[in-house]
1. With +1 on the Cβ of every Lys and Arg and -1 on the Cβ of every Asp and Glu, and nothing else charged, how large is the dipole of the stretch 1-132 about its Cα centre, in debye rounded to the nearest 20?
2. Rolling a 1.4 angstrom probe over the protein heavy atoms, how many square angstrom per residue are accessible across the chain?
3. Need one word for the stretch 94-172: rounded, prolate or oblate. Basis is the Cα gyration tensor (sqrt eigenvalues a ≥ b ≥ c); a/c below 1.5 gives rounded, then a/b vs b/c decides.
4. Near the amide H of residue 88, under 5 Å away, which other amide H atoms are found, from residues 5 or more places off or on another chain, if H is placed in the peptide plane?
5. Nothing charged except the Cβ atoms of Lys and Arg (+1) and of Asp and Glu (-1): what's the magnitude of the dipole of the stretch 171-213 about its Cα centre? Round to the nearest 20 debye.
6. Using a Förster radius of 30 Å, what is the FRET efficiency between residue 85 and residue 141 based on their Cβ-Cβ separation? Nearest 0.05, please.
7. Through the Karplus equation 6.51 cos²θ - 1.76 cosθ + 1.60, θ set to phi - 60°, convert the phi angles of the stretch 141-154 into ³J(HN,Hα) values in whole Hz; use x for Gly and Pro.
8. Using Cα-Cα distances under 8 Å and only pairs 6 or more residues apart, what relative contact order does the stretch 16-98 have, in percent?
Amino acid sequence: MRMYLSSFRTGDHPDRLLALLREPVGTGEVAVIVNALDALPEDERRTASAREIEALGLLGLRAAELDLRVFFDGPPSRTAEALSRFQLVWVRGGNVFVLRHALARSGADIALIELLRRDDIVYGGYSAGACVLAPDLHGLERCDDPRAVLAAYGAPARRDGLGLLDYVVVPHIDSPGHPETEILGTVAEVYRAAGTPHQPLRDGQAIVIDGERTDIR
């Protein structure tokens, strides 16, 4: 598997993200997933999507949004086919429970797991985009409101993660200026006390996974 999991945006080492790509920068397409923001007003969501595309463009990447809502309740093969066209999937932060629901309802969760296990794609993302890869999402409700799933989709929140990591990523630790740094510090303390495997990240840091090798930068 190849992954670049940042605390906030592309972090301090976007070169490590680019190094994971097998095609020259600018030759393959990047899918931007912003469904973690589906509970927000549509104009705010559009603005956030445009910001991610612009930021990736500054790295030389050709990015476009892939809205998972288009694939809701459809055949999983359609989602898998769409995702397989991209060399990188970039998953923006937001509400991890909203993101989890969108991944499940679209079938993108199963498709991404298979693509990553075949090493056909790079998974990049930050905050909720990294948190959702955990075995389960219990504890993250201290930061992200699960009721947002009901507001966005009229459904209850799931608490299972994608299980691609055997620990929970806890972003924004010791990150002055980020509004969630204090509450996520509490989340990390609760995990530590309970013996829950987790990896804290401060803004600027990223977990870089390339096959059997994992680095924190």
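The values are calculated or read from the model by the stated rules, or taken from the named source; none is laboratory data. These numbers were taken from a predicted model, which means no experiment stands behind them. Because the Cβ atoms are built from the backbone with ideal geometry, glycine has one as well, and the counts that use them run over all protein chains shown. The protein model used for the area step is the full one, side chains on, heavy atoms only, and it has no ligands, DNA or RNA in it. Shrake-Rupley method; radii C 1.70, N 1.55, O 1.52, S 1.80 Å.
1. 220
2. 44
3. It comes out oblate by the Cα gyration axes.
4. Close amide H contacts, sequence-distant or interchain: 31, 122.
5. 100
6. Step by step, r from the Cβ atoms, then E = 0.30.
7. 3J(HN,Hα) across the stretch 141-154, in whole Hz: 5, 5, 10, 9, 7, x, 5, 5, 5, 5, 5, 7, 10, x.
8. RCO, the stretch 16-98: 50 percent.
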